[in-house]
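Enquirer: Quick one: the structure is below, questions incoming.
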Amino acid sequence: MNYAILAVLAGVLALLYSFWRTIWITKKDPGTEKMQKIGSYIAEGAMAFLKAEYKVLVIFVIAVAILLGISGANTTDSHPLVALSFIVGAFCSGLAGFLGMRVATKANYRTTNAARKSLSEALAIAFAGGSVMGMGVVGLGVLGLGGLFIFYEYFFGFEGDKVVQVLNVLSGFSLGASSIALFARVGGGIYTKAADVGADLVGKVEAGIPEDHPLNPATIADNVGDNVGDVAGMGADLFESYVGSILGSMVLGATFIPVLQNIDGMGGLSAVLLPLVLAGIGIIVSILGSFAVRIGESGNPQTALNRGELLAGILMLAASYFAIIGMLPAEWKAPGILTGEERIFTANGVFFATVFGLIAGILVGFVTEYYTGTGKPPVIQIVKQSTTGPATNIIAGLGVGMQSTAIPIILIAAAIMVSYYFAGLYGVAIAALGMLANTGIQLAVDAYGPISDNAGGIAEMSEQPPEVRQRTDKLDAVGNTTAAIGKGFAIASAALTALALFSAFMKQANVSSINVSDPNVMAGLFLGGMLPFLFSSLAMGAVGRAAMDMINEVRRQFTEIPELKAALEVMKKHHGETHNLKGKDKEIFEAADGKAQYAKCVEISTKAAIREMVMPGLLAVIVPVLVGFVFGANALGGLLAGVTVTGVLMAIFQSNAGGAWDNAKKMFEGGIEINGKHYKKGSDAHKAAVVGDTVGDPLKDTSGPSLNILIKLMSVVALVIAPLIK
């Protein structure tokens, strides 16, 4: 029990660190009055969206909690307290997103102001904002899981046979986290992409102005979207992954209790408590790694971020070894979790599974960077094909996305086989946890990206000197790479976590094997394979409908607001250059300041996101319940197998295709020479790349990342209902 308490204390430490960094950011100079005004618009829009979203989710949480309480009361291996676990998991997931976004909207304009002085200070504030999100997620995850585990142990008793019931009740926490994560990711993705598409197509392509220009009515909604999609949504996403990997490992570890209770000195709980301990260690090393992220004025932000992650990774490996060797017996013999055949397990084998999981995650990240990175061959291929128009750009991007699935899938398959070889299905679950143990610093690096992106937009809108935007763009460019690597990590860990949860479901439902020659299983397999396509279709359709509303609103303002219309004519006359305007042109341009109706665009994105997120979210919860109760546990197993395979493939394809299109567009904006001809922003090739990027936006920021949650949420739902259908 002391180990669970230590993990909880690590969670408290993470929250204290977040609180300290929040105070540090708040004390930084907020900049000019105009920066603060723009920052307040973004913060108000972000909080308005969260308020509207959480009003809908509260109804969902209450309804599901009542159903879980009733089912728990009528199930031998469960308990009505599963409803409490669900509510706490949903609350912690929502709170993590809220805290992270609140700080991100304080850090963005302070980062802009810091960029007026130095790159190093801007990096420090942006990363500090991201670290609040990162440490908040892991702190609430470990505190919630560990705290509930300790409470339920005292409530139900400490006997080994009671631990299985404790974990069944605790699985509601993961279900709550997954449910909120899916709605947050889908809703945030719809919001941000509707605004982004409107800002890009009407602003950049039609009007010929930058997406972050103050004349663009969609620009505030776009900046709000960076927060609700890439901060709150991403935070809830990784909170769910983190919690799911810990819980899956704990459930599979419980199968060793009968063997270990006489030899590990912890009543057989060593394999159950180990995931919590590893997560606690991950918090401490992430905090230590965060202190290594700093640079001089001429330094490279990517190097600084890599240094912090590398330090945390090395410390994690060393600490994991001592934790595993110290908690688990050197060797023990136990039946296989599903096969029942006896095999020998070793502490060293569990450690090797952890190491290989971490290595596989890093390699998937590098492969993702190769296929999406600026200047890399796949992106250059898309750039070259943009010179012949949007059609060839889109064909090239689709090809790159499809090709990018091959190596990650091979690496994931290798991780599964190697970790299974060393430590069985428990090893697979621990390998997933190895990928996610350093979520604190990984998410800090990810959340740093949208803060930097916002800082650049605020620099543009507050008309800062070019060198300020250059500094924020340097931070943002690194943020795009870190986000792509983070998505690779998330997808790889999702595959292993889903397998661990799938195995835990089979154990709880008394399913020893899934026979694909069984018609019910095959039907479930096909149905599961179809769901990621249907889910992606719903998400992309939602973005398309919301984007149409946004485009029409921006066009209306450009044609019906006289000051905006006149200012656009001035911009066209001066080819987009507005820093040195004089005379009448300067008066016309200044008269347009503040005339764009930003609130209208924010309202369109908010309403669309809330309206459209419901159907994809309910799909993930309802389908496994229907299949499980109508066709049985074996058919549900087939459904989970199908959704996992196609979900992982679709997630990799969509995320990488979208990332490659995005960076192809950015290469044109920086200027590039192809076959002796120079192309720059505003050229026909650049416009073709903008179209490709617009197609890729909902793929990489809405449907792609949401598929990670879909496959894990369905596995968690299956795990929760397993006692009812076995």
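What follows is calculated from the coordinates using simple rules that are stated; it is not laboratory data. This is a predicted model, so every value here is computed, not measured. Cβ coordinates were reconstructed from backbone atoms using ideal geometry, including for glycine residues, and neighbour counts include every protein chain displayed.
Enquirer: For region 386-396, just list the computed ³J(HN,Hα) in residue order, Karplus coefficients 6.51, -1.76 and 1.60, θ = phi - 60°, integers in Hz, with x standing in for Gly and Pro.
Expert: Taking θ as phi minus 60°, the curve returns 6, 5, 9, x, x, 4, 5, 4, 5, 4, 5 Hz for region 386-396.
Enquirer: Could you tally the net charge around A547, taking each other residue with its Cβ under 11 Å from the Cβ of A547, Lys/Arg +1 and Asp/Glu -1?
Expert: Result for the neighbourhood of A547: -3.
Enquirer: Given Cβ point charges of +1 (Lys, Arg) and -1 (Asp, Glu) and nothing else, what value in debye, to the nearest 20, does the dipole of region 570-681 about its Cα centre take?
Expert: Working: 14 positive and 10 negative charges, 86 e Å.
I would put it at about 420 debye.
Enquirer: Sticking with this structure for a sec: On a 0 to 90 degree scale, rounded to 10, what angle separates helix 466-508 from the longest Cα axis of the chain?
Expert: 20 degrees
Enquirer: With contacts defined as alpha carbon pairs under 8 Å and 6 or more residues apart, what's the relative contact order of the chain in percent?
Expert: 21 percent
Enquirer: What FRET efficiency do you get for V12 and L626 if R0 is 56 Å and r is their Cβ-Cβ distance, rounded to the nearest 0.05?
Expert: Approximately 0.85, to the nearest 0.05.
Enquirer: May I ask you to derive the relative contact order of region 42-89, considering only C-alpha pairs under 8 Å and at least 6 residues apart, and to give it as an integer percent? Don't skip to the answer; put the middle values down first.
Expert: Values: 27 pairs, mean separation 13.9, N = 48.
Relative contact order of region 42-89: 29 percent.
Enquirer: To continue, here is another question. Determine, for region 569-693, the count of lysine pairs separated by eight or more sequence positions (or lying on different chains) whose alpha-carbon distance falls under 23 Å.
Expert: 29
Enquirer: Place +1 on the Cβ of every Lys and Arg and -1 on the Cβ of every Asp and Glu in region 81-196, take the dipole about the Cα centre, and give the residue among G172, S118, A195 whose Cα lies farthest towards its positive end.
Expert: About the Cα centre, the residue reaching furthest to the positive side is S118.
Enquirer: Give me the extension gain from L618 to E463: residue separation times 0.36 nm, minus the current Cα-Cα distance, reported in nm with one decimal.
Expert: 51.4 nm
Enquirer: Can you give the relative contact order of region 5-149 as a percent, counting alpha carbon pairs under 8 Å and 6+ residues apart?
Expert: Worked out over region 5-149, it gives 44 percent.
Enquirer: Quick check: Cα centre of region 677-725 to Cα centre of region 6-44, how many Å?
Expert: One Cα centre to the other: 29 Å.
Enquirer: Would you please classify the overall shape of region 297-441 from the alpha carbon gyration tensor, given that a ≥ b ≥ c denote the square roots of the eigenvalues, rounded means a/c under 1.5, and beyond that prolate means a/b larger than b/c while oblate covers the rest?
Expert: On the way: a/c = 5.02, a/b = 1.79, b/c = 2.81.
Here region 297-441 falls in the oblate category.
Enquirer: Among residues other than T497 whose Cβ falls under 11 Å from its Cβ, what is the net charge (Lys/Arg +1, Asp/Glu -1)?
Expert: Local net charge: 0.
Enquirer: Say a paramagnetic label sat at a point 7 Å from the Cα of T346, along Cα to Cβ; which residues of region 412-440 have their backbone N under 13 Å from it?
Expert: 422-423
Enquirer: Tilt of helix 704-725 relative to the longest C-alpha principal axis of the chain, in degrees (0 to 90, nearest 10)?
Expert: The angle comes out at about 30 degrees.
Enquirer: For the chain, just say rounded, prolate or oblate: build the C-alpha gyration tensor, square-root its eigenvalues into a ≥ b ≥ c, call rounded for a/c under 1.5, and beyond that prolate if a/b exceeds b/c, oblate if not.
Expert: Note, shape of the chain comes out prolate.
Enquirer: Which peptide among 424-435, 527-538 comes first, and what is the full order, when sorted by highest mean count of other Cβ atoms within 10 Å?
Expert: Order by mean packing, descending: 424-435, 527-538.
Enquirer: Right, here's the next one. Have a look at L719, S404, A523 and report the one farthest towards the positive end of the charge dipole of the chain, computed about the Cα centre with Cβ charges (Lys/Arg +1, Asp/Glu -1).
Expert: Result: S404, furthest along the dipole toward the positive end.
Enquirer: Moving on. Restricting to DSSP loop positions (anything but H, G, I, E, B) with no more than 12 other Cβ atoms inside 10 Å of their own Cβ, which GluC sites (Glu not before Pro) remain in region 327-420?
Expert: Answer by residue number: E341.
Enquirer: Got a sec to turn the phi values of region 137-151 into Karplus ³J(HN,Hα) couplings, 6.51 cos²θ - 1.76 cosθ + 1.60 with θ = phi - 60°, whole Hz, x for Gly and Pro?
Expert: Result, ordered by residue: 4, 5, x, 5, x, 5, 5, x, 5, x, x, 5, 4, 4, 4 Hz.
Enquirer: Right, another one. Got a sec? How would F19, F502 order by Cβ neighbour count within 10 Å, fewest to most? Mind showing how you got there, number by number?
Expert: Numbers: F19 15, F502 24.
Going from sparsest to densest Cβ surroundings: F19, F502.
Enquirer: Considering the dipole of the chain built from charges on the beta carbon (Lys and Arg +1, Asp and Glu -1) around the Cα centre, which of A437, A63, A413 is farthest to its positive end?
Expert: Final value for the positive-end residue is A437.
Enquirer: I've got another one for you. Would you please put 709-716, 48-55 in order of how densely packed they are, using the mean number of other Cβ atoms within 10 angstrom per residue and starting with the highest?
Expert: Highest-to-lowest ranking by the protection proxy: 709-716, 48-55.
Enquirer: Please give the residues of region 656-689, grouped as numeric ranges, whose backbone N is less than 13 Å from a label point set 7 Å along the Cα-to-Cβ vector of T388.
Expert: In region 656-689, the label zone of T388 (backbone N under 13 Å from the point 7 Å along Cα→Cβ) covers no residue.
Enquirer: Stretch V56-D77 to full length: gain in nm at 0.36 nm per residue minus the Cα-Cα span?
Expert: Result for the pair: 4.4 nm of gain on full extension.
Enquirer: Place a +1 charge on the Cβ of each Lys and Arg in the chain and a -1 charge on the Cβ of each Asp and Glu, then give the dipole magnitude about the Cα centre in debye, rounded to the nearest 20.
Expert: So the magnitude is around 540 debye.
Enquirer: Another question about this same structure. Go ahead and run the numbers for FRET between E560 and A63, Cβ-Cβ distance against an R0 of 45 Å, rounding to 0.05.
Expert: 0.55
Enquirer: Using alpha carbons only, how many degrees (0 to 90, rounded to 10) separate the axis of helix 234-253 from the longest principal axis of the chain?
Expert: Result, in degrees: 10.
Enquirer: Compare the peptides 641-651, 316-326 by average per-residue count of other Cβ atoms within 10 angstrom and give them in order, highest first. Spell out each step's value before the answer.
Expert: Working: 641-651: 23.2, 316-326: 17.2.
Per-residue Cβ counts within 10 Å, averaged per peptide and sorted highest first, yield 641-651, 316-326.
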